[in-house]
């Protein structure tokens, strides 16, 4: 069995990369947003800060949902691609090619 399938079967598959470093473009985007959030927070009243925090949290939630949905669509596309490649090939569960 493949290493990924074995890890998945044992529930050892880490889907959140913990050892990967963010790309330079991602780092730059984070620095930019942090800078502007800090600048805006200096100017806002406490009431406006609460509203701003709610907006930021809503946008984060929206982005998380979008990211999840994009992953699912991509995974489904990958499965469909594999199914198309395998179409016409009858493979048994043991990996032995069946007669057509």
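The values are calculated or read from the model by the stated rules, or taken from the named source; none is laboratory data. Quick caveat, the model's predicted, so the values are computed rather than measured. Counting neighbours? That spans all protein chains shown, and the Cβs are built from the backbone with ideal geometry, glycine included.
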So residue 91 fits all but one of (1) surrounded by 10 or more Cβ atoms within 10 Å (Cβ to Cβ); (2) at pLDDT 85 or above; what number is the exception?
-> (2)
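Out of all the residues in the stretch 72-89, is one or more touching a residue at least 12 places away in the same chain (Cβ under 8 Å) and part of a loop (DSSP other than H, G, I, E, B)?
The answer is yes; a qualifying residue exists.
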In the stretch 11-47, anything assigned to a loop (DSSP other than H, G, I, E, B) and at pLDDT 75 or above is listed as 12, 20, 21, 22, 23, 44, 45
